[in-house]
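The values are calculated or read from the model by the stated rules, or taken from the named source; none is laboratory data. From a predicted model like this one, the values you see are computed outputs, not experimental measurements. Note: ideal-geometry Cβ built from the backbone for every residue, glycine included; neighbour counts use all protein chains shown. Side chains included, ligands, DNA and RNA excluded: accessible areas come from the protein's heavy atoms. Shrake-Rupley method; radii C 1.70, N 1.55, O 1.52, S 1.80 Å.
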Amino acid sequence: MRRTRLQAPVAVALGLIMLAGCTTDSGVGPAATGGPSTTPATPAAAATSPSSSTPSPSPGTTDVIAGSALLQPEDLNGARLEPVPDGESAHLRPARPCDARYPSDRTRTAAVAMRAYVSQGDGYTSHVVLQYVGLHPGHAETAFDEIVDAVRQCPGSLGTGQQRWEVAGTGVAGDESLLLRVSERFNYGDDVHVVTTPAVIARVGDHVTVVADLGWENAGGSEPELRLLAAKAVERLRAAR
């Protein structure tokens, strides 16, 4: 089995996930700064609480996102979600082409970013699935529209420290959903690779979610598998409302 760009995960129990509230102008974690979007995590970072990978709650914020609103082990071939360490995959939490900052960031009262190391069994390459959920009471439609506009207006490039953003489909997980292909160039061993991460953004009520297949090592994610996971993620959010 090949080693992933991420180190082996530390198991984290997933019950009721305490949310983090909105920041002012910054998104969830710092902006991505080049190289692979999933930088190595130390075991200590992977073992931190869910709130460590999202913004700190605003004073008086009581909103939470229940664990039942997220992908479950039965959706992930038995794998369990764990918190994403600070700064990792920041450009997907939510989707932020060209380091976009959104006015709706201020309306986010809760957010969580999780990942799972999914294996299909012997003979299959594992892959890493990321899920972000942000809560924007009364403003999720605006938040979703801002992301869609940013993706269309800023396609980016494969330059150093950049990502190229492409719209690959609409309505893939409900009426308000978008399938993206996010590509970046990086060095892997002695070679230069271009890896594409498929990601789906969707709005469900007051929530905006991003589900992405980060792939494994120098391999990109699977678009067909991601479509299935995104549909399940939307179902989970609808059922938990």
Would you be able to tell me the number of residues in region 92-118 that are under 21 Å from His139 (Cα atoms), of a type outside the set (Gly, Ala, Ser) and in contact with a strand residue (DSSP E or B) (Cβ under 8 Å, 6 or more places away or on another chain)? 7
Could you look through region 83-104, keep only residues that are over 12 Å from the mean Cα position of the chain (by Cα) and not in a loop (DSSP other than H, G, I, E, B), and pick out the one that is nearest to Arg227 (Cα to Cα)? Pro97
Tally the residues that are without any contact (Cβ under 8 Å) to a residue 24 or more places away in the chain and either among the hydroxyl-bearing types (Ser, Thr, Tyr) or surrounded by 18 or more Cβ atoms within 10 Å (Cβ to Cβ) (or both), restricting the search to region 106-142. 1
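Table: residues versus (1) of a type outside the set (Asp, Glu); (2) farther than 23 Å from Gly87 by Cα.
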{"position": "His127", "(1), (2)": "yes, no"}
{"position": "Gly134", "(1), (2)": "yes, no"}
{"position": "His139", "(1), (2)": "yes, yes"}
{"position": "Arg152", "(1), (2)": "yes, yes"}
{"position": "Pro155", "(1), (2)": "yes, no"}
{"position": "Val167", "(1), (2)": "yes, yes"}
{"position": "Gly171", "(1), (2)": "yes, yes"}
{"position": "Glu176", "(1), (2)": "no, yes"}
If we scan region 81-94, do we find a residue that is among the basic types (Lys, Arg), under 23 Å from Ala239 (Cα atoms), modelled with pLDDT of 50 or more and open to solvent by less than 50 Å² (accessible area, probe 1.4 Å)? yes
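Looking at region 126-133, is at least one residue of a type in the set (Phe, Trp, Tyr) and either assigned to a loop (DSSP other than H, G, I, E, B) or within 29 Å of Ser157 (Cβ to Cβ) (or both)? Give the steps one after another, and end with the answer.
Step one: filter region 126-133 for residues of a type in the set (Phe, Trp, Tyr), giving 132.
Then drop every residue that is not either assigned to a loop (DSSP other than H, G, I, E, B) or within 29 Å of Ser157 (Cβ to Cβ) (or both), which leaves 132.
Scanning region 126-133, I find at least one residue that is of a type in the set (Phe, Trp, Tyr) and either assigned to a loop (DSSP other than H, G, I, E, B) or within 29 Å of Ser157 (Cβ to Cβ) (or both), so the answer is yes.
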Selection from region 179-223 of residues aliphatic (A, V, I, L, M) and open to solvent by 20 Å² or more (accessible area, probe 1.4 Å) yields Val192, Val194, Ala219
Here are some residues: Gly161, Gly169. Which one is open to solvent by 10 Å² or more (accessible area, probe 1.4 Å) and without any contact (Cβ under 8 Å) to a residue 12 or more places away in the chain? Gly169
Tell me, which residue of region 224-241 that is surrounded by fewer than 23 Cβ atoms within 10 Å (Cβ to Cβ) and of a type in the set (Gly, Ala, Ser) is nearest to Gly138 (Cα to Cα)? Ala240
State whether one or more residues within region 158-171 are at pLDDT 95 or above and under 14 Å from the mean Cα position of the chain (by Cα). no
Being part of a strand (DSSP E or B) and either free of Cβ contacts under 8 Å to residues at least 60 places away in the same chain or within 14 Å of the chain's Cα centre (by Cα) (or both) is the filter here, so list the residues in region 205-231 that pass it. His207, Val208, Thr209, Val210, Val211, Ala212, Asp213, Leu214, Gly215
Under 9 Å by Cβ, and 6 or more places apart or on different chains, what pairs join a residue from region 182-195 that is in a strand (DSSP E or B) with one that is among the aromatic types (Phe, Trp, Tyr)? Val182/Trp165; Ser183/Trp165; Val192/Phe186; His193/Phe186; Val194/Phe186; Val195/Phe186; Val195/Tyr188
